[in-house]
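Contents: one structure, followed by commentary.
The values are calculated or read from the model by the stated rules, or taken from the named source; none is laboratory data. The structure presented is a predicted model; accordingly, all values stated were derived computationally and were not measured. All Cβ positions, even for glycine, are placed from backbone atoms using ideal geometry, and neighbour counts span all protein chains on display.
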Amino acid sequence: MRLLSWNCQGLGNLWIVQNLHKLVREQAPDVCFLMETRLDRSGFEKHCGDVPFKNKLIVKKPNSGGGLALLWKEEVTLDVINFSDNHIMAKVVEKDGFVWYLTGFYGWLEANEKRKLWALLSHLKSFVEGPWCCIGDFNVILHESEKQSVSAPYHNQMEDFRVALENCELIDLGFIGHKFTWTNQRPGSAHTKQCLDRAVADKDWIEKFPASSASHLFSHASDRIPIMLRTMNDKRLRGRGAGGFKFEESWLLWDDCEEVVHEAWTNGGQGSPSLRSVMD
């Protein structure tokens, strides 16, 4: 399965809609989780009704920003369990009958709301009755190295995030590609980059899909980078294309392209150290 996650910053914008079409055409996802769509169902049908997914769930609060969308192809067996303004949870059944749980997650931006993230994550775990994977924009970093800025990261938020993942038995899946998923697009010393988007999963999910990889893609249309998660259950498929390292032409637009490609090639798409330790 190929799962695309993207904080698209508003699907009422023609440029962003065109970029979504480009991503779907080039990456061929089976499932899409979109955040900050800013559209209700009628607005989504108006602006994105021709996106090739038969099934969709649109979540939008009245008279506000935000907004979530989960789209999936007809051949994907997926049942939505519950949803809120900050998540969509579903049960997925693979062709071999294997059942796992998918959560698209969107974290509160405000610092005083961060603790709600971890309460929500803990609550969602109570609905999980099998392997579990979460993907989305958590709006918080996990390690100090995931922020590039003149201002220091909030260590208490990082620690709370780590504790929340540990309590939910979720492991960061790592990534291939550019190090950061968000930039404030400001010049000079005000410029900030952070890794706010990620995929995490529990040990049972990782054992079922040991060759899976999360790739950071590229978008001109948003200050957020889309994530493509490829679920692969055969280690031998690593390095053959779908589950291994794949060069994205758009990486050439990044200033640190050479460093990114070298690191991904050296690691062989193994993901984060935490994931490798589980598999070893």
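Points to keep in mind about this one:
- Residue within the stretch 77-84 that is touching a helix residue (DSSP H, G or I) at 6+ places or on another chain (Cβ under 9 Å), closer than 21 Å to Leu11 by Cα and modelled with pLDDT of 95 or more present: yes
- Restricting attention to the stretch 191-218 and to residues that are in contact (Cβ under 8 Å) with a residue 40 or more places away in the chain and of a type in the set (A, V, I, L, M), the residue that is nearest to Gln157 (Cα to Cα) turns out to be Leu196.
- Condition check for Leu78: out of contact with any Cys (no Cβ under 8 Å at 6 or more places or on another chain) and outside any loop (DSSP other than H, G, I, E, B): yes
- Looking across the stretch 162-201 at every residue that is closer than 24 Å to Tyr101 by Cα, of a type in the set (Gly, Ala, Ser) and within 17 Å of the chain's Cα centre (by Cα), the one that is surrounded by the most Cβ atoms within 10 Å (Cβ to Cβ) is identified as Ala201.
- Any chance Trp15 is surrounded by 13 or more Cβ atoms within 10 Å (Cβ to Cβ), at negative phi and not aliphatic (A, V, I, L, M): no
- Residue within the stretch 137-149 that is part of a strand (DSSP E or B) and within 29 Å of Leu78 (Cα to Cα) present: yes
- Residue, nearest to the chain's Cα centre (by Cα), within the stretch 1-52, restricted to residues that are part of a loop (DSSP other than H, G, I, E, B) and among the aliphatic types (A, V, I, L, M): Met1
- Any hit, the stretch 91-101, residues being farther than 30 Å from Gly188 by Cβ, touching an Asp or Glu at 6+ places or on another chain (Cβ under 6 Å) and either assigned to a helix (DSSP H, G or I) or among the basic types (Lys, Arg) (or both): yes
- Some residue of the stretch 201-217 being among the β-branched types (Val, Ile, Thr) and at pLDDT 95 or above: yes
- Cβ-Cβ distances below 6 Å connect the following pairs, each with a first residue in the stretch 127-146 that is surrounded by fewer than 19 Cβ atoms within 10 Å (Cβ to Cβ), a second residue that is of a type in the set (A, V, I, L, M), and a separation of six or more residues or different chains: Phe127/Ile81; Gly130/Val99.
- Residues in the stretch 155-190 that are assigned to a strand (DSSP E or B) and either of a type in the set (S, T, N, Q) or without any contact (Cβ under 8 Å) to a residue 24 or more places away in the chain (or both): 1 in all.
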